[in-house]
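The values are calculated or read from the model by the stated rules, or taken from the named source; none is laboratory data. A quick note: this is a predicted structure, and the numbers were derived from the prediction, not measured. Cβ atoms come from the backbone with ideal geometry, glycine included; neighbour counts cover every protein chain shown. We work out accessible area using only protein heavy atoms, side chains counted, and drop any ligands, DNA or RNA first. Shrake-Rupley method; radii C 1.70, N 1.55, O 1.52, S 1.80 Å.
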Amino acid sequence: MIWNDAKDSFKYEPEGGRSPVDIREALAPRGRLRAAINFGNSLLAQADPVTGEAGGISVALTRELAARLTLPVEIVRYTTAGSVVDALNRDEWDIGFLAIDPLRAELIDFTAPYIVIDGNYAVRQESLIENLSDVDRSGVRISLTRGSGYDLYLTRAIKHATLVRSATVSDAIKAFASWDCEVLASIKHSLMQYLDQTPGLRLIEPSFMSIKHALAIPNGRTEAAAYVSAFIEEVKTTKLVAARLNDATSKIA
């Protein structure tokens, strides 16, 4: 594989006897690459506020993969990771970008992670909660987004506190802001944006989990799974992920 700085892409040579035609049919049987993009995770995907054009790491990886296989791209838009998983049963997408979780793995094949994101808590400045052990106590209510990777993890990990689930990230923030909950759980990137805009809050460190995001495809597409796994391993050695991550994080200020 050869990096081409001018085109921000690779020269691809098929391997293992697999032809691009075989991979196209296995990965995108409808003749186009339908990519589930979760715009609720602003670190990985963004929509231009004026044009609505999709951008971010997830979109860049989708376009790179489609270009290699000469497939047209269809961006299928979602606002939460949970809605991406739910849409799998409706056959709405061929690839997605999700946090790896054992429950999801019953339906989805994951590549190795291409990015690892911290999951953190935020509290009010005057809160008596100072560390992770303070969070998991009876009477503490944690606001989070239903079906997110950190929801799945905290469902298993939290023993005493109460998880208060909302349909979207913005609804989870509203539940916290209205004093219905003492703690807000989310990815660190989103929390830092919220804290920058909202005085009187603070972040609990360290993170409560490392969220491993991977490219996902429906179970059973063995040939396609091998291809996309090799694709992710390759792009991790290049500028593609790092450049898009820098683009996203530079917008926090």
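List of remarks:
- Residues that are under 15 Å from the mean Cα position of the chain (by Cα) and under 22 Å from G52 (Cα atoms), drawn from segment 83-92: S83, V84
- Screening segment 122-133 for residues that are of a type in the set (G, A, S) and open to solvent by less than 40 Å² (accessible area, probe 1.4 Å) and picking the one that is farthest from E106 (Cα to Cα) gives S127.
- Against the conditions (1) within 17 Å of L132 (Cα to Cα); (2) crowded, with 22+ Cβ neighbours inside 10 Å, Y227 satisfies every one except (1).
- Taking the numbered list (1) modelled with pLDDT under 90; (2) open to solvent by less than 30 Å² (accessible area, probe 1.4 Å) in turn, T249 passes all entries but (2).
- For segment 199-224, residues that are of a type in the set (G, A, S) and either open to solvent by 20 Å² or more (accessible area, probe 1.4 Å) or within 25 Å of D136 (Cα to Cα) (or both) total 4.
- The residues in segment 78-93 that are surrounded by 15 or more Cβ atoms within 10 Å (Cβ to Cβ) and not hydroxyl-bearing (S, T, Y) can be counted, and the count is 8.
- Residue within segment 58-67 that is open to solvent by 50 Å² or more (accessible area, probe 1.4 Å) and either touching an Asp or Glu at 6+ places or on another chain (Cβ under 8 Å) or under 21 Å from L144 (Cβ atoms) (or both) present: no
- Elements of type strands (runs of 3 or more DSSP E) in segment 1-57, at least 1 residues being of a type outside the set (S, T, N, Q) and at pLDDT 95 or above: 33-38
- Of T80, T70, T51, all but one fail to be under 14 Å from the mean Cα position of the chain (by Cα) and not charged (D, E, K, R); the exception is T80.
- Reported count of residues in segment 118-156, each being among the aliphatic types (A, V, I, L, M) and farther than 23 Å from G40 by Cβ, is 4.
- Unique residue being among the hydrophobic types (A, V, I, L, M, F, W, C), over 28 Å from G31 (Cβ atoms), modelled with pLDDT of 95 or more and within 22 Å of the chain's Cα centre (by Cα) when the list is I115, I100, I95, I129: I100
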